[in-house]
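Undergrad: Input: one structure, supplied below.
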Amino acid sequence: MSEQQMNARETVERVLARTPITDVHTHLFTPDFGPMLLWGVDELLTYHYLLAELLRVSDVPYDAFWALDKREQADLVWRELFLERSPISESCRGVLTALARLGLDVASRDLEGYRAFFAAQDVAQHVDAVFACANLEAVVMTNDPFDPDERELWLRGFDRDPRFHAALRIDPLLNDWPDSCQRLKGWDYDVEPALGAQSLSEVRRFLTDWLGRLEALYMAVSLPPDFGFPEDSPRGRLIAECVLPVAREQNVPFAMMIGVKRNVNPAIKLAGDGVGLGDVDSVARLCAGYPDNKFMVTMLARENQHELCVAGRKFRNLCLFGCWWFLNDPSLINEITRMRVELLGLSVVPQHSDARVLDQVIYKWAHSRDLIGKVLADKYADLAATGWTATEDEIARDAARLLGGNFWEFLKR
């Protein structure tokens with residue numbers, strides 16, 4: 001490594017470590033949501049990434065595994081993936097990073113000791129500790145008004161933790177209109193399956209109601225690989241005639257996460273989803289056809305990333321964000337982040353955690369900071385080789401944009 005690279009790396013590491021993060025997409029909740037907020041070592045060990053890894057190597061029948069309680073499942077994961085094998089996968093390493101950053105001795109391999117630590121924590125204080133450990137300033141939740149427990153809480157009201165922002169998730173509305181239609185009717189929205197003018201107006205009213213109730217920063221949906229736009233389907237009409245007009249009127253982005261194949265192996269439940277190649281042309285058609293709308297897009301297939309980056313060069317109303325799900329691995333984060341920086345400069349949101357367990361934000365951001373830092377250090381060293389040396393203040397400015405500023409600026413456009 002050259003002296004320029006070493007100096008750049010030291011500066012970038014120092015700056016990134018002190019730069020607070022806005023995590024633009026998570027599945028986290030405040031303690032007000034009760035059991036919907038997942039935290040602790042057993043939740044870390046039974047996260048679906050680890051369960052998919054476990055069920056590849058264990059001969060336990062699927063039904064027998066799901067009959068185990070969470071603690072028993074965690075015991076099996078710990079034995080098979082941490083004790084019988086070295087925990088070198090990113091998901092396993094992540095558990096150890098989280099435990100170590102919380103001050104636990106991972107060399108002890110003491111699962112019962114880790115459980116005792118978490119059992120002694122007050123949940124609200126633990127949230128504070130995790131935020132401090134990850135240097136998180138804010139997170140964006142995923143909030144589904146079609147979930148009965150979550151819906152009831154929002155309708156009842158609660159004191160909002162200002163660090164937790166809402167995003168209105170509308171997967172059921174777009175991907176299963178017949179069921180959503182029945183639910184909306186039960187909530188006194190005058191809708192019919194045929195999606196006439198009255199129904200479309202009522203769906204717009206529903207979206208406006210919930211955007212206001214949640215004070216949501218954006219609307220979001222997870223879409224299959226074969227999603228296309230325009231498409232002659234309830235989903236296509238709902239997007240064109242409800243989602244986009246309301247998003248434009250309320251000045252909120254429409255976030256699309258494209259490429260998930262649901263239930264490739266239903267026997268392993270949430271761990272059974274897969275990945276497929278999405279259609280970037282549909283993203284471009286949306287951005288071109290609706291220039292007054294804002295779109296946030298992440299795609300699941302590695303093969304989509306270059307074309308998506310090129311699309312990002314063409315449309316100022318398109319914000320690329322994160323390395324989603326199966327892309328949240330070091331080799332791919334490195335590749336995708338370098339590609340984005342080289343094609344789009346500092347105008348992207350390089351990462352989000354997608355965390356479902358509170359403690360995951362510790363490792364996901366620790367690992368991502370390191371990877372983003374290596375990319376930036378190389379780029380600043382390349383600049384220095386031309387005679388253009390970035391100052392620490394300039395690097396701090398750039399880091400603030402990447403770790404949150406770009407997202408907040410995009411919302412304000």
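The values are calculated or read from the model by the stated rules, or taken from the named source; none is laboratory data. What you see is a predicted model, and the numbers here were worked out from it, not measured in a lab. Cβ sites come from the backbone with ideal geometry, for glycine too, and all protein chains shown count toward neighbours.
Undergrad: Mind checking which helices (runs of 4 or more DSSP H) fall wholly inside segment 360-413 and carry at least 1 residues that are free of Cβ contacts under 8 Å to residues at least 60 places away in the same chain and farther than 18 Å from VAL349 by Cα?
TA: Working: elements: 360-386, 392-400, 406-412.
Filter on segment 360-413 gives 360-386, 392-400.
Undergrad: Okay, next question. Within segment 188-231, which residues are assigned to a loop (DSSP other than H, G, I, E, B) and either among the β-branched types (Val, Ile, Thr) or free of Cβ contacts under 8 Å to residues at least 12 places away in the same chain (or both)? Before you say what the answer is, go through the steps one by one.
TA: Step one: of segment 188-231, the residues assigned to a loop (DSSP other than H, G, I, E, B) are 188-196, 215-218, 224-231.
Residues satisfying the conditions are ASP188, VAL191, GLU192, ALA194, GLY196, GLU231.
Undergrad: For ASN143, work out the one condition from (1) touching a helix residue (DSSP H, G or I) at 6+ places or on another chain (Cβ under 9 Å); (2) surrounded by fewer than 19 Cβ atoms within 10 Å (Cβ to Cβ) it doesn't fulfil.
TA: (2)
Undergrad: Please work out which residue is surrounded by the most Cβ atoms within 10 Å (Cβ to Cβ), limiting yourself to segment 289-340 and to residues that are out of contact with any helix residue (DSSP H, G or I) (no Cβ under 8 Å at 6 or more places or on another chain) and among the small types (Gly, Ala, Ser).
TA: GLY322
Residues are listed down the side, and each one gets a yes or a no for (1) in contact with a Leu (Cβ under 8 Å, 6 or more places away or on another chain); (2) of a type in the set (Asp, Glu); (3) surrounded by 15 or more Cβ atoms within 10 Å (Cβ to Cβ); (4) at pLDDT 95 or above:
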{"residue": "VAL15", "(1), (2), (3), (4)": "no, no, yes, yes"}
{"residue": "PRO20", "(1), (2), (3), (4)": "yes, no, no, yes"}
{"residue": "PRO31", "(1), (2), (3), (4)": "yes, no, yes, yes"}
{"residue": "PRO35", "(1), (2), (3), (4)": "no, no, no, yes"}
{"residue": "HIS48", "(1), (2), (3), (4)": "yes, no, yes, yes"}
{"residue": "LEU55", "(1), (2), (3), (4)": "no, no, yes, yes"}
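Undergrad: For segment 170-187, how many residues meet the condition of being free of Cβ contacts under 8 Å to residues at least 24 places away in the same chain, surrounded by 14 or more Cβ atoms within 10 Å (Cβ to Cβ) and in a helix (DSSP H, G or I)?
TA: 3
Undergrad: Shifting gears a bit: Evaluate the following for GLY113: is it without any contact (Cβ under 8 Å) to a residue 12 or more places away in the chain, more than 23 Å from the chain's Cα centre (by Cα), farther than 17 Å from HIS352 by Cα and not in a loop (DSSP other than H, G, I, E, B)? Give the derivation first.
TA: Numbers: without any contact (Cβ under 8 Å) to a residue 12 or more places away in the chain: yes; more than 23 Å from the chain's Cα centre (by Cα): yes; farther than 17 Å from HIS352 by Cα: yes; not in a loop (DSSP other than H, G, I, E, B): yes.
Against the criterion (without any contact (Cβ under 8 Å) to a residue 12 or more places away in the chain, more than 23 Å from the chain's Cα centre (by Cα), farther than 17 Å from HIS352 by Cα and not in a loop (DSSP other than H, G, I, E, B)), GLY113 qualifies.
Undergrad: I've got another one for you. Tally time: how many residues in segment 336-355 are closer than 18 Å to SER89 by Cα, touching a Leu at 6+ places or on another chain (Cβ under 9 Å) and not hydrophobic (A, V, I, L, M, F, W, C)?
TA: The initial filter retains those residues of segment 336-355 that are closer than 18 Å to SER89 by Cα, namely 353-355.
Now restrict to residues that are touching a Leu at 6+ places or on another chain (Cβ under 9 Å): 353, 355.
From what is left, the residues that are not hydrophobic (A, V, I, L, M, F, W, C) are 353.
Going through segment 336-355 one residue at a time, the tally reaches 1.
Undergrad: Can I ask one more? Could you tell me whether segment 120-129 includes any residue that is under 27 Å from SER331 (Cβ atoms) and in a helix (DSSP H, G or I)?
TA: Restricting attention to segment 120-129, the residues satisfying the condition of being under 27 Å from SER331 (Cβ atoms) are none.
No, every residue in segment 120-129 fails to be under 27 Å from SER331 (Cβ atoms) and in a helix (DSSP H, G or I).
Undergrad: Then there is this: Would you tally the residues in segment 241-262 being over 21 Å from GLY312 (Cβ atoms) and of a type in the set (S, T, N, Q)?
TA: The number of residues fulfilling the criteria is 1.
Undergrad: Being more than 30 Å from GLU394 (Cα to Cα) and in a loop (DSSP other than H, G, I, E, B) is true for just one of ARG71, ARG85. Which residue is that?
TA: Values: ARG71 fails: in a loop (DSSP other than H, G, I, E, B).
Sole residue among the options that is more than 30 Å from GLU394 (Cα to Cα) and in a loop (DSSP other than H, G, I, E, B): ARG85.
Undergrad: Within segment 137-169, how many residues are of a type in the set (Asp, Glu), in contact (Cβ under 8 Å) with a residue 24 or more places away in the chain and under 18 Å from ALA220 (Cα atoms)?
TA: Pass one, segment 137-169, residues of a type in the set (Asp, Glu): 137, 144, 147, 149-150, 152, 159, 161.
Filter once more, so that each one left must be in contact (Cβ under 8 Å) with a residue 24 or more places away in the chain: 137, 144, 149-150, 159, 161.
Those still in the list that are under 18 Å from ALA220 (Cα atoms) too: 144, 150.
Looking only at that region, the number is 2.
Undergrad: Output the residues belonging to segment 268-326 that are closer than 21 Å to GLU231 by Cα and among the polar types (S, T, N, Q).
TA: Within segment 268-326, SER282, ASN293, THR298, ASN304 qualify.
Undergrad: Does segment 343-353 include one or more residues that are in contact with a helix residue (DSSP H, G or I) (Cβ under 8 Å, 6 or more places away or on another chain), crowded, with 22+ Cβ neighbours inside 10 Å, free of Cβ contacts under 8 Å to residues at least 40 places away in the same chain and polar (S, T, N, Q)?
TA: Yes, there is a match, as at least one residue in segment 343-353 is in contact with a helix residue (DSSP H, G or I) (Cβ under 8 Å, 6 or more places away or on another chain), crowded, with 22+ Cβ neighbours inside 10 Å, free of Cβ contacts under 8 Å to residues at least 40 places away in the same chain and polar (S, T, N, Q).
Undergrad: Here is a check on your reading of the model: is THR22 more than 26 Å from GLY272 (Cα to Cα), outside any helix (DSSP H, G or I) and of a type in the set (S, T, N, Q)?
TA: Details: more than 26 Å from GLY272 (Cα to Cα): yes; outside any helix (DSSP H, G or I): yes; of a type in the set (S, T, N, Q): yes.
Yes, satisfied.
Undergrad: Is there a residue being surrounded by 17 or more Cβ atoms within 10 Å (Cβ to Cβ), within 30 Å of ALA255 (Cα to Cα) and touching a residue at least 24 places away in the same chain (Cβ under 8 Å) anywhere in segment 98-108?
TA: Taking every residue of segment 98-108 in turn, at least one turns out to be surrounded by 17 or more Cβ atoms within 10 Å (Cβ to Cβ), within 30 Å of ALA255 (Cα to Cα) and touching a residue at least 24 places away in the same chain (Cβ under 8 Å).
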